[in-house]
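Here the structure is laid out as structure tokens; the discussion comes afterwards.
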Amino acid sequence: MKWQGRRQSDNVEDRRSISGGKIAVGGGVIGIIVLLLNVFGGETGKQIAPVLEQMQGGQQTQTETAAPLSKEDEEMGNFVRVTLADTEDIWSKIFEENGMTYKNPKLVLFRGSVQTACGGASSASGPFYCPGDQKVYMDLAFFEELKTRFGAKGGDFAIAYVIAHEIGHHIQTLLGTSAKMRQAQEGKSEAEANKLSVALELQADFYAGVWAHYNQQNLDTGDIDEALSAANAVGDDAIQSKMQGHVVPDSFTHGSSEQRMYWFKKGFKTGDIKQGTTFEEIQ
């Protein structure tokens, strides 16, 4: 993505040099499993909880002091600020065109662990959005794990896609979609409640695609492929297949790899927020 020399958002809180202890959730592999089960702010997969508990037995929680920011850390922080600024500009314009006012969220960069209005979280939680304080939380170490352990291409636009997805959850909060979804889940079976969660996550992917549609002047060749590679890597079926060797569709909370890529591409192709009809189409 073409980002150097462009406007940076003032709404980034960089806590990487002051973050609390680094929490190792039962050791490295457990942290990665939990990270991908929680990626993009979703619920854990109950079907592999016994596996996690067994693997976690006897493990100790470790702590590690956050290191000073390197030159690379500073550069990545600047990239995040530019990406967030792009989301601010684009969504402010879209909201204005639809007779609404967009409220900018905050984005918090941290290392190891962080306190939020939604409770404490560790790096193993993956990037997530907290509606309680309307902030996106990210430990950038997530992206290296996504690439090295789960086959995503990596690249700066994979990070941009995740940021845009989490901003999609902020949009859902502003529009009341998230609250309506949680209310609709009440009294539903687990499988039906999961379908609603999938619809919410796929709509956030769609919104990420809409953002990319309006940001095409700043895209490099291969950026969309990087986003699709990340979306493919975090599909519920891809994660379950790697972690447990089989797939349980009724337990999906984020959608399959194919669904995640489809809705991002639909948003990118149309640029029309009215076509993010995941709740109508995910039955």
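The values are calculated or read from the model by the stated rules, or taken from the named source; none is laboratory data. Just so it is clear, the model here is predicted, and its values are computed rather than measured. In this analysis, Cβ positions are derived from the backbone assuming ideal geometry, glycine residues included, and neighbour counts consider all displayed protein chains. Accessible surface is based on the protein model in full, side chains and every heavy atom, while ligands, DNA and RNA are left aside. Shrake-Rupley method; radii C 1.70, N 1.55, O 1.52, S 1.80 Å.
Values as computed for the structure displayed
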quantity: Residue in the range 91-111 that is within 25 Å of S17 (Cα to Cα), outside any helix (DSSP H, G or I) and of a type in the set (G, A, S) present; calculated: no
quantity: All helices (runs of 4 or more DSSP H) inside the range 204-281 with 2 or more residues being surrounded by fewer than 21 Cβ atoms within 10 Å (Cβ to Cβ) and not charged (D, E, K, R); calculated: 223-233, 236-244, 257-270
quantity: Within the range 118-151, considering residues that are of a type in the set (S, T, N, Q) and buried (at least 23 other Cβ atoms within 10 Å of the Cβ), the one modelled with the highest pLDDT; calculated: S123
quantity: Residue ID - nearest to N232 (Cα to Cα), chosen from residues in the range 162-196 that are part of a helix (DSSP H, G or I) and among the acidic types (D, E); calculated: E166
quantity: Members of the range 136-159 found to be part of a helix (DSSP H, G or I) and out of contact with any Leu (no Cβ under 9 Å at 6 or more places or on another chain), listed by number; calculated: A141, F143, E144, K147, T148, D156
quantity: Counted residues, the range 126-147 - those being in contact with a strand residue (DSSP E or B) (Cβ under 8 Å, 6 or more places away or on another chain) and either over 12 Å from E166 (Cβ atoms) or among the acidic types (D, E) (or both); calculated: 4
quantity: Top-ranked residue in the range 187-203 [being small (G, A, S) and open to solvent by less than 10 Å² (accessible area, probe 1.4 Å); ranked as farthest from A227 (Cα to Cα)]; calculated: S197
quantity: Residue that is under 17 Å from S256 (Cβ atoms) and either of a type outside the set (S, T, Y) or out of contact with any Asp or Glu (no Cβ under 7 Å at 6 or more places or on another chain) (or both), where the choices are G209, G187, G222; calculated: G209
quantity: Options V34, V29, V39, V82: the member that is modelled with pLDDT of 95 or more, of a type in the set (V, I, T) and under 21 Å from the mean Cα position of the chain (by Cα); calculated: V82
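Conditions tested, residue by residue: (1) open to solvent by less than 10 Å² (accessible area, probe 1.4 Å); (2) out of contact with any Lys or Arg (no Cβ under 9 Å at 6 or more places or on another chain); (3) closer than 25 Å to Q216 by Cα; (4) without any contact (Cβ under 8 Å) to a residue 24 or more places away in the chain.
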| position | (1), (2), (3), (4) |
| --- | --- |
| K153 | no, no, yes, no |
| I159 | no, yes, yes, no |
| V162 | yes, yes, yes, no |
| G168 | yes, yes, yes, no |
| Q185 | no, yes, no, yes |
